[in-house]
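Encoded as structure tokens, the structure appears first; notes follow it.
The values are calculated or read from the model by the stated rules, or taken from the named source; none is laboratory data. Predicted model only: the values in this text are computed from it and were never measured. In this analysis, Cβ positions are derived from the backbone assuming ideal geometry, glycine residues included, and neighbour counts consider all displayed protein chains.
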């Protein structure tokens, strides 16, 4: 069933699997899970998991408690605070709930000012800042399966799904000297889902439903 059809329905099932490329607050993916919970259905992912996963400081804390390797982070409201506690280069992540799920790398003070001003919505919100210690990239995760040959990335992808139950997402991960650390979870764009991805998603849904 398409999301818009489900939002208008009163269908109650034992399990609703909400597959969407974007679960951010106030997006259709979020409202599908909210609607399922209002109807009394068990839903993957839950609204609690969605909200926690897309708020980077909360996600990192919860992920760390679940045994997932995470990057060191600082929640800051000013550039002065960041400079006093971290050395360049740094990665800046938004905390505001309307974020498009992006991040910026700052190698100097002027770049940091631009990044913080943009991602904090002109200093209305704090930002989450992490030291850049290696290569940083986005890795597609579909039901915890990531198309990577790096064993640490594969492990992080699996553990993130076990903890947050996001069927479709991008994992922002830093890699250095055979060490991988989770930095953030962000939405996928629709054009990032290839036909083979849709087949994998369909197969996984069938498997889950057979086990319930």
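Just a few scattered comments:
- Qualifying positions in the stretch 143-156 - out of contact with any helix residue (DSSP H, G or I) (no Cβ under 8 Å at 6 or more places or on another chain) and surrounded by fewer than 19 Cβ atoms within 10 Å (Cβ to Cβ): 147, 149, 150, 151, 152, 154, 155
- Subset of the stretch 170-187 [within 18 Å of residue 52 (Cβ to Cβ) and outside any strand (DSSP E or B)]: 187
- Subset of the stretch 77-120 (residues that are within 25 Å of residue 30 (Cα to Cα), touching a residue at least 40 places away in the same chain (Cβ under 8 Å) and assigned to a helix (DSSP H, G or I)): none
- Filtered residue count, the stretch 29-42, keeping only those that are closer than 22 Å to residue 95 by Cβ and surrounded by fewer than 19 Cβ atoms within 10 Å (Cβ to Cβ): 1
- Only listed residue being outside the structural domain of residue 87 (by TED's automatic domain parsing), modelled with pLDDT under 95 and not in a helix (DSSP H, G or I), chosen from 140, 149: 149
- Screening the candidates 165, 117, 189, 140 for the property of being more than 18 Å from residue 67 (Cα to Cα), surrounded by fewer than 22 Cβ atoms within 10 Å (Cβ to Cβ) and touching a helix residue (DSSP H, G or I) at 6+ places or on another chain (Cβ under 7 Å) yields one hit, 140.
- Of all the listed residues (57, 3, 45, 89), the sole one being within 15 Å of the chain's Cα centre (by Cα) and either closer than 30 Å to residue 117 by Cα or surrounded by fewer than 19 Cβ atoms within 10 Å (Cβ to Cβ) (or both) is 57.
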